[in-house]
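Visitor: Below is a structure I'd like to ask you about.
The values are calculated or read from the model by the stated rules, or taken from the named source; none is laboratory data. What you are looking at is a predicted structure, and each value in this text was computed from that prediction instead of being measured. With ligands, DNA and RNA removed, areas are computed over all heavy atoms of the protein, side chains included. Shrake-Rupley method; radii C 1.70, N 1.55, O 1.52, S 1.80 Å.
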Amino acid sequence: SEHALERLLAVEQSGVLERDGERKAGYAEMVEIIRDYLGARFRFPTAELTTSELLRGLGKRAPAHDCALVDTWLGKCDLVKYGGVRATAGQAGQVLADARELVLATTAQHQEAA
């Protein structure tokens, strides 16, 4: 989780989410970070999966609450990455904050269960 948070901070510091022409790439980078994090956290390959496939795989490994967080977050990102929605800098900042919260929430739950 620490590595994912560091990578998300790097996205924020790069300013990519502030620039209209690069924001979509910033979303793609955030999704890659969260996919990598989920793969490491729940021990399954996520890189080549569609969102639906990822959610199915996650559903076999993670608590329902974690799956719901991921589903909601990826849904927002997919709208920008694939749906043609043009997010504002403010919306992108909120998605970044939500990504951090997702990492922290799923890490805390995992640690409490151990």
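Visitor: Mind grabbing the base-10 log of I(q)/I(0) for the chain at q = 0.11, 0.17, 0.21 Å⁻¹? Debye formula, identical points on the C-alpha positions, no solvent, two decimal places.
Guide: Taking Cα atoms of the chain as identical point scatterers yields -0.32, -0.78, -1.17.
Visitor: When the helix-only estimate is applied to the chain (DSSP H runs of n ≥ 4, each -39,500 (n - 2.57), divided by the residue count), what is the mean residue ellipticity at 222 nm, nearest 500 deg cm²/dmol? Working shown, then result.
Guide: Working: 5 runs with 85 residues, N = 114.
Computed mean residue ellipticity for the chain: -25000 deg cm²/dmol.
Visitor: Which helices of the chain meet both criteria: a Cα extent of 24 Å or more along the helical axis and a mean Kyte-Doolittle score no lower than -0.5, with helices taken as whole DSSP H segments? Present the calculation step by step, with values, prior to reporting the outcome.
Guide: Values: long enough: 23-42 (28 Å, -0.21); 64-81 (25 Å, 0.27); 89-113 (36 Å, -0.08).
Span-like helices here: 23-42, 64-81, 89-113.
Visitor: Another one. For the chain, with every protein chain kept in place, what is the accessible area per residue (1.4 Å probe, Å²)?
Guide: Values: 6420 Å² over 114 residues.
I get 56 Å² per residue for this part.
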